[in-house]
Structure formats: C-alpha cells, structure tokens
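Peer 1: Provided herewith is a single structure, encoded as structure tokens, for subsequent inquiry.
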C-alpha cells in the first residue's frame, strides 16, 4: 500500500506529467486558508478512496488468480496420476523381449 501511495504522490508531484485527474479540485485558486485547507483535505480524501478502491480490486483479482492457480495445480496432479497409470498399464501389456 505504501508503494501505491508513493507512486501516486510521485505522479502528482511531477510537473512533467501534469494532467487533470478527474475528481480533484484545483486548490491554488482559493485565497482563504480555510477554504484551501478544506480543498486539499477533499483531494486527500478522494485520493485515499481511489487507493482503497484500487487496493480492493487488486486483492480481488489476486484472490481470483490464486484460486485459478490452485485449480490448475489440482488438475495437473490428476493428469500426472492418470499418466502414471497409463504408463504402468502400457508397461504391463508390453510383451517381454525374447532372449537369443
């Protein structure tokens, strides 16, 4: 989570990457300190909510990927068992080589 916060702050602080972010207010236009402070607090709250939303979505995607990996591992184990059984059956049905 701290990496995400640092990344967002780095993007916001970088003048080369300056762009409007939907939902953020421009606080520099406010002349009164109270209004500027509340504007900055609103921006902070918005960014925190966005980070929380992205974190939940990332956790959901990671859980789905973990479940898929677990299912694939189970399927692979079954296939390996079936392959071992088929190899045993093939070896058992193979006639012994003739000795000369």
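Laboratory data are not the source of any read-out in this text; all were calculated from the coordinates shown. Source: prediction; values computed, not measured.
Peer 1: Based solely on C-alpha atoms, express the radius of gyration and the Dmax of the range 23-92 in angstrom.
Peer 2: Rg then Dmax for the range 23-92, in Å: 27.4, 89.
Peer 1: Work out, step by step, the length gained on full extension between residue 70 and residue 27: first 0.36 nm times the residue separation, then minus their alpha carbon distance; give nm to one decimal.
Peer 2: That pair, residue 70 and residue 27, stretches by 10.6 nm at full extension.
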